[in-house]
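Visitor: For reference, the structure I am asking about is given below.
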Amino acid sequence: MIKNLVRSIIACSFLFVSANAYAWDVSGYKGPTMDLSKYQPEMRLGFLGDESAQDIIKNNACLKEYAEVAYGVPAKIYTFKDYAGTMESMLGGSLDYAWFGSSGYAGIYLEDPTATVPILTRMQPTGDMGYYSVMVTRADSGINSIDDLKGKSFGWADPNSTSGYLIPSIELKAAGMDPDSYFGSTQFSGGHENNVLAVLNGDIDAGVTWVSGVGEWSEGYSSGNLRKMVDKGLLNMDDIKQIWSSALIPNGPIVMPTNMPVRAHQVMVGMKQWIHENDPQCSENVANGVVKAWVPVDHSFYETIVAARKAKIEAKKAE
């Protein structure tokens, strides 16, 4: 369980990074505000370790600047080596904001149902409220379907990732392809970007990652990890092919601590919506692509994922 992680290791992955090098003009902000200094001295923004710390800081520098205006306190960005570090820090009260995948949120909820509250998620350009796990391989691999992967090497993104582990591991097993025996070997690559790079480098034959599933394939879809990698010049979509897709997965929530003032939650919802309407470049940076809207959500939206993660934990204990 998360609480049993060695805290000294987590502490090493908990890194505050200055975003001053990427200053953003937020002088025109007219969204909701509050004086958070009545409750705490700063706003702590946490991010999953899906890509390099430098890229995370660059993409979210505008969010930091807007948060400072909206909440009237200094905002700091924290990045982590893995999902578990972000989860542990949120559970430990060291973060005020994080955007988790559905499984990451489920892991927090199962550990402490009172720790956080989901406040909003994104809507795809098509109006869908979900995304997909997809399996990719090199275009020149000779692998054309999941049937061709039997006995070959396979990569997961992170054990706390929804699309990078939980959902594909469940769906593959349900289809009669138990990952523990179907593949010749498996590995956790340390995030979605690293998993796709491992495919490109030939370290694994195939791996899973997350995509919106809508938009142009040549662009890496409208949003998701492939889109981020294309935009950064790390991926040419002609070099990979998709051989499997999951069912629609509920978009992960932005969560905040339950013990923060309700007004703080409301300001975050309104701030993100204002940014989306008035600063599309910042919105696209933060959302890892194009979204139609930021939509309020609550725990009920994630009950199926919580149940799936709980069942997987119980099945593991029973082995």
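The values are calculated or read from the model by the stated rules, or taken from the named source; none is laboratory data. Keep in mind the model is a prediction, meaning the values are calculated, not measured. Heads up, the Cβs are rebuilt from the backbone with ideal geometry, glycines too, and the neighbour counts pull from every protein chain shown. Heads up: the accessible areas ignore ligands, DNA and RNA and are worked out on the full protein's heavy atoms, side chains in. Shrake-Rupley method; radii C 1.70, N 1.55, O 1.52, S 1.80 Å.
Visitor: For the stretch 48-60, enumerate the residues that are open to solvent by less than 40 Å² (accessible area, probe 1.4 Å) and of a type outside the set (Asp, Glu).
Guide: Leu48, Gly49, Ala53, Ile56, Ile57, Asn59, Asn60
Visitor: Hey, can you tell me all the residues within the stretch 289-300 that are part of a loop (DSSP other than H, G, I, E, B) and open to solvent by 30 Å² or more (accessible area, probe 1.4 Å)? It would help to see each step written out before you state the result.
Guide: First pass over the stretch 289-300, keeping only residues part of a loop (DSSP other than H, G, I, E, B): 290-292, 297-298.
Within the stretch 289-300, Val290, Lys292, Asp298 qualify.
Visitor: Are any residues in the stretch 214-259 within 15 Å of the chain's Cα centre (by Cα) and part of a loop (DSSP other than H, G, I, E, B), and if so, which ones?
Guide: Scanning the stretch 214-259 gives Asn251, Gly252, Pro253.
Visitor: Tell me, please, whether a residue that is under 19 Å from Asp158 (Cα atoms), modelled with pLDDT under 95 and open to solvent by 10 Å² or more (accessible area, probe 1.4 Å) can be found in the stretch 192-211.
Guide: No, because not a single residue in the stretch 192-211 is under 19 Å from Asp158 (Cα atoms), modelled with pLDDT under 95 and open to solvent by 10 Å² or more (accessible area, probe 1.4 Å).
Visitor: Follow-up question, since we're still on this one. How many residues are more than 16 Å from Ala287 (Cβ to Cβ), in contact (Cβ under 8 Å) with a residue 60 or more places away in the chain and under 20 Å from the mean Cα position of the chain (by Cα) if we restrict to the stretch 19-51?
Guide: The total comes to 1.
Visitor: If you take the residues in the stretch 261-305 that are closer than 16 Å to Met129 by Cβ and of a type in the set (Gly, Ala, Ser), which one is modelled with the lowest pLDDT?
Guide: By that ranking, first place goes to Gly289.
Visitor: Since Lys30 meets every condition but one in (1) within 28 Å of Ala106 (Cα to Cα); (2) assigned to a loop (DSSP other than H, G, I, E, B); (3) open to solvent by 50 Å² or more (accessible area, probe 1.4 Å), which condition does it not meet?
Guide: Single failed check for Lys30: (1).
Visitor: Restricted to the stretch 227-267, and to residues that are aliphatic (A, V, I, L, M), under 27 Å from Cys62 (Cβ atoms) and out of contact with any helix residue (DSSP H, G or I) (no Cβ under 8 Å at 6 or more places or on another chain), which residue is surrounded by the most Cβ atoms within 10 Å (Cβ to Cβ)?
Guide: Met260
Visitor: Say we look at the stretch 61-101 and pick out the residues that are surrounded by fewer than 22 Cβ atoms within 10 Å (Cβ to Cβ), part of a helix (DSSP H, G or I) and under 16 Å from the mean Cα position of the chain (by Cα); which of these is modelled with the lowest pLDDT?
Guide: Within the stretch 61-101, the match that is modelled with the lowest pLDDT is Ala84.
Visitor: Does Ala157 satisfy the criteria of being among the hydrophobic types (A, V, I, L, M, F, W, C), modelled with pLDDT of 95 or more, under 19 Å from Ala206 (Cα atoms) and more than 21 Å from the chain's Cα centre (by Cα)?
Guide: Details: among the hydrophobic types (A, V, I, L, M, F, W, C): yes; modelled with pLDDT of 95 or more: yes; under 19 Å from Ala206 (Cα atoms): yes; more than 21 Å from the chain's Cα centre (by Cα): no.
No.
Visitor: Can you go through Pro179, Pro159 and tell me which one is in contact with a Leu (Cβ under 9 Å, 6 or more places away or on another chain), farther than 22 Å from Gly289 by Cβ and without any contact (Cβ under 8 Å) to a residue 60 or more places away in the chain? Working first, answer last.
Guide: Working: Pro159 fails: without any contact (Cβ under 8 Å) to a residue 60 or more places away in the chain.
None of the others qualify; the one that does is Pro179.
Visitor: In addition: Just to be sure I understand, how many residues within the stretch 119-155 are surrounded by fewer than 16 Cβ atoms within 10 Å (Cβ to Cβ) and assigned to a strand (DSSP E or B)?
Guide: Adding up the residues that qualify gives 0.
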